[in-house]
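Contents: one structure, followed by commentary.
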Amino acid sequence: MAGFRVFLVVFTVCVVCVLVECKYMVYNTSQGIVPGKINVHLVPHTHDDVGWLKTVDQYYVGSNNSIQGACVQNVLDSLIPALLADKNRKFVYVEQAFFQRWWRQQSEAMKKTVQMLVSSGQLELINGGWCMHDEAATHYIDMIDQTTLGHKYIKEQFNVTPRIGWQIDPFGHSAVQAYLLGQRYCYESILGSNPDHFPYTCPSLFNYPSTNILVGFDALFFGRIDYQDRAKRRDEKRLEVIWQGSKSHGSSSQIFAGAFYAGNYEPPTGFYFEVNDDSPVVQDDINLFDYNVQERVNDFVAAAFSQANVTRSNHVMWTMGTDFKYQYAETWFRNMDKLIHYVNQDGRVNALYSTPSLYTDAKHALNESWPLKTDDYFPYADRINAYWTGYFTSRPAIKGYVRTMSGYYLAARQLEFFRGRSKSGPTTDSLADALAIAQHHDAVTGTEKQHVANDYAKRLSIGYKECPLLNISYCPASEVDLSLGKKLVVLVYNSLGWKRTGVVRIPVINDNVAVKDSTGKLITSQLLPIVDALTAMRIFYTSAYTGKYPSTSPMYWLAFTAEVPPLGFSTYVISSGKPTASASMKPISYVFDGSQTGAIEIGPGNLKLILWR
């Protein structure tokens, strides 16, 4: 009889175990905002640098992983099925330089699926630029151009316009961002009795007329501000502000802006769920060891209250992701599904899948008053004596190259527009792509690895097809023998809105050349010698770039003054003849034996170089 009882007990336990193990668990992730509770907006995201430790191509395909294990293609490939598994899941993506590469490789069926996800709000494209541009070393025109490039594709493919600025990784932030990215004519209230606060009463910014909008974002979020500033703002609940980017434009240059709680763009400690991360997963299978649902819920609630204590209103945002995360997206979503389900069962706070747009809308609906900020978030320091200011001047060559190519692109794009865009053959697209990538906060800043800097420069040089080695005086069109009766027509274009006068220098092989304008008037010109060192460098780099040695070597710079009307061009004809100012045509060498004293005068006319020994 005793043996029979033991058998019954064992049998019963086994049946129960089998039933629990076979149960399919459905997690309730449909919760929306709950008034009166702390609402934790879980915002799944990845931050994909358009070059940094690896090149942009290496990051996309996942090569060179000895440097960093990162593959953007894996992120996007794994993201779509994870979103399709649950309509309540959400995700935000930023870098169009990567997204557009991935988009071009997709089937029509996949494109329709992604369009459905974007239309439903599950996948939100925010910021929308080709990259996440720097805010210190970039020119504002380049910021606008790279943002426009990404927004153009988003509009064409999805018929949506990004609503949110997401500058989460640049090393400090410029007030010009509030002006360039913000909504115009939205904040109609005037300052209240407290001059430090602005009544933020615009309930739906994106419904305002867009007549004077620059980019038109409803909000701007970022991670990096000075550690002392962040600590003070946390204490005073001033992490979220109305940021007025221009005193002269006043309220028309404002945007709702938020600095993240921890000074970065990562989840709270303990809530990283990438494969091989060391945060505890939510283990809710009671048949397995390390069951930890209540422990994980308690951790979640504690982190939520900690952030809510320094945040105005009952809405807090958790940035659920960081650099190149979601390469296996299901690991993140599986754990967030469980957190939302069990945290909401607990009831102390409310957790929900969200996006920055939904979070911003929730803030708008509160009719809250926010502090007003009118200056920069520069300089940036992440700890004592650790100021991120060296990048203002680091890698000056790449900074100068980017700026030069930017000016060239402006002129080329204008000429392309005036002439009409070619349906076949070269366009400005390659240079537009290279310049947009170069605005990345690890590109023009100079904070990238050397091989990545080389890659940025290579892309710019490919985009700049004509005279690719201008800096070493390689310009085959001008290196013809003009003594045979040939003529060289030079068109000088002015891309700016005002008249310009400047010196034009062209390498030539003849010393008997003259310059005339379009009316036939002789223009003052001068021949300047090209030094042997430059000639040798030209031969070396030209052969390396083109694979062959140049057949001729220019002997002189032909220099003349060009006058060009605004948004117009002037024509000059170079032919055989005598330059109108040739005194410095021939180089003169002086040799000192060390025993000479006194002064030696070098130079024609009234302008002389005097050397004293």
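No lab work stands behind these numbers, since they all come straight from the coordinates. Please read these numbers as outputs of a predicted model, since none were measured by experiment. Every residue, glycine among them, receives a Cβ derived from its backbone with ideal geometry; neighbour counts consider all protein chains shown.
With R₀ fixed at 56 Å, the C-beta to C-beta distance from Leu567 to Val281 puts the FRET efficiency at about 0.35. Straight-distance candidates among the lysines for linking to Lys90, with alpha-carbon spacing under 21 Å and chain neighbours fewer than 8 residues away dropped: Lys111, Lys112, Lys155, Lys325, Lys338, Lys363. The order of Met132, Met405, going from fewest to most other C-beta atoms within 10 Å of their C-beta, is Met405, Met132.
A Förster radius of 56 Å, combined with the Cβ-Cβ distance separating Arg419 from Ile384, puts the computed FRET efficiency at roughly 0.50. Look at Trp103, Trp557, Trp130 and count the other Cβ atoms within 10 Å of each Cβ; fewest to most, that gives Trp103, Trp557, Trp130. With all pairs of different C-alpha atoms in the average, the Kirkwood value for the hydrodynamic radius of segment 132-172 is 11.3 Å.
With a simple spin-label model that places each label point 7 Å from the Cα along the Cα-to-Cβ direction, the separation between Val531 and Thr161 comes to 5.4 nm.
Considering the zone a paramagnetic label at Ala262 would reach in this model (a point 7 Å from Cα along the Cα-to-Cβ line), which residues of segment 314-335 have amide N under 12 Å from it? Counting only backbone N, you get 318-323.
Take each peptide in 321-330, 277-286, count the other Cβ atoms within 10 Å of every residue, and average; sorted highest first, the result is 321-330, 277-286.
By the gyration tensor of its Cα atoms, with a ≥ b ≥ c the square roots of the eigenvalues, what is the shape of segment 392-471: rounded for a/c under 1.5, prolate for a/b over b/c, or oblate? Prolate, because a/c is 1.5 or more and a/b exceeds b/c.
A cut-off under 15 angstrom between Cβ atoms defines the neighbours of Met110, and their net charge, with Lys, Arg +1 and Asp, Glu -1, is +2. If you take all other residues with their beta carbon under 13 Å from the beta carbon of Ser120, and give Lys and Arg +1 and Asp and Glu -1, the sum is +2. Here the Debye sum runs over all C-alpha atoms of segment 228-338 as equal scatterers in vacuum, and log10 of I(q)/I(0) at q = 0.12, 0.18, 0.19, 0.24 Å⁻¹ comes out as -0.56, -0.99, -1.05, -1.32. At a Förster distance of 22 Å, what's the computed FRET efficiency of Phe289 paired with Asp346, Cβ-Cβ distance as r, to 0.05? Here the calculated transfer efficiency is 0.45. Spacing of the modelled spin labels on Thr393 and Gln450, each 7 Å from Cα toward Cβ, amounts to 2.2 nm.
Tyr265 sits among other residues whose Cβ lies under 11 Å from its own Cβ, and their net charge, with Lys and Arg +1 and Asp and Glu -1, is -1. Estimated at 0.36 nm per residue, the fully extended path between Arg334 and Lys487 surpasses their Cα-Cα distance by 47.9 nm.
Here the peptides 68-81, 523-536, 229-242 are ranked by packing, the mean other Cβ count within 10 Å, and the order with the highest first is 68-81, 229-242, 523-536. Residue separation of Asp429 and Gln115 scaled by 0.36 nm, minus their Cα-Cα distance, works out to 110.6 nm of gained length.
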